[in-house]
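Okay, structure first, notes after.
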Amino acid sequence: MMNRTATALRLVIAGLILTAVISTAADVASRVALNPFNFFGFFTLQSNLLTAIVYIVAVVSAVRGTGQGRWLVIARAAVTTYMIIVGIVYALLLAPLGAAGGVPLPWANAVLHIVVPIYVVVDWLVFTDRAKLAFSHLWLVLLYPLIWSAVVLLRGATDGWVPYPFLDPATGYGSVLIYVALIAVLVLGFGSLVFWASHFPRNRTQEPAAPSASLTGQP
């Protein structure tokens, strides 16, 4: 029963994310020319879309009864970590900016910055259809944020576009690098908590899978 509930909720969350992103894109396109490189350059949008993809893969695995391989569980841990950071950064740095710090559609902004970050934490803690994760795999969670940060810094140095004010080179690269380092620390810190939580399920519903069991959800 718990697995069915988890599957249903993940499908709903994935649907909410996709609806929010598509609605936001349509709203922006109705007012200005939509630049997909800028629109999809935000960590919030990318992390939400990654969450939707990982959850859809988890739903398909549940429906097919194949279980979640190690890589899919790591991918779930990764998107859980990213969404925790999205929620924290939004609350501390972006929400105070008002409309300038979030998604223009209020309901979509609430979904992407508040609802999904809260849900992923609840999902990870309540639904235990996952294997224990070894801390030796924690570095994998850091790959996407580092790649995203590198692309942001490259774009900031070339075309001048940055997704968030605190990553603007105009504030000085020293300041920007401090924020990038802070992001890395947050990823490792909250990733460690997410990995640690995987060792304490209320019910063991799935035995640890071999790393090769499923590559579909690789972050």
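The values are calculated or read from the model by the stated rules, or taken from the named source; none is laboratory data. Bear in mind that the values here come from a model prediction, so they are computed numbers and not experimental data. Cβ atoms come from the backbone with ideal geometry, glycine included; neighbour counts cover every protein chain shown. Accessible surface is based on the protein model in full, side chains and every heavy atom, while ligands, DNA and RNA are left aside. Shrake-Rupley method; radii C 1.70, N 1.55, O 1.52, S 1.80 Å.
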Exercise for review: Place the peptides 61-68, 116-123 in order of packing, highest mean first, counting for every residue the other Cβ atoms within 10 Å and averaging per peptide.
Suggested key: 116-123, 61-68
Point to revise | Sorted largest first, extent of the range 96-162 alpha carbons per principal axis (Å) | key: 43, 32, 16
Revision key, fill the gap. Taking 0.36 nm per residue of separation between Asp168 and Thr5 and subtracting their Cα-Cα distance, the length gained on full extension comes to 54.4 nm
**Study point:** Nearest-0.05 FRET efficiency for Ile22 and Val63, computed from C-beta distance (R0 25 Å)
**Key:** 0.60
Review point. Between Ile178 and Ala91, what is the label-to-label distance in nm when each label sits 7 Å out along the Cα-to-Cβ direction?
Key: 2.3 nm
Review point. Could you work out Rg/(2.2 N^0.38 Å) for the chain, with Rg from alpha carbons only?
Key: 1.03
Exercise for review: Can you pull the one-decimal nm distance between simple spin-label points at Val32 and Leu143, each 7 Å off the Cα toward Cβ?
Suggested key: 3.4 nm
Revision key, fill the gap. Carbon plus sulfur, as percent of the 1.4 Å-probe accessible area of the chain, comes to 73 percent
Revision key, fill the gap. Taking only the Cα positions of the range 69-134, the convex hull volume per residue in Å³ is 88 Å³
Exercise for review: At 1.4 Å probe size, with every protein chain present, just tell me what the per residue accessible area of the chain comes to in Å².
Suggested key: 48 Å²
Review point. P(r) of the range 1-63 in 5 Å steps, Cα pairs, percent per bin?
Key: 4, 18, 23, 20, 13, 10, 7, 4, 1, 0
Review point. Simple spin-label model, 7 Å along Cα-to-Cβ: Leu188 to Phe40 in nm?
Key: 3.1 nm
Practice item. Express in whole angstrom the spacing between the alpha-carbon centres of the range 106-148 and the range 82-96. Key: 13 Å
Practice item. Can you check what the Kirkwood hydrodynamic radius comes to for the range 1-117, Cα pairs only, in Å to one decimal? Key: 15.0 Å
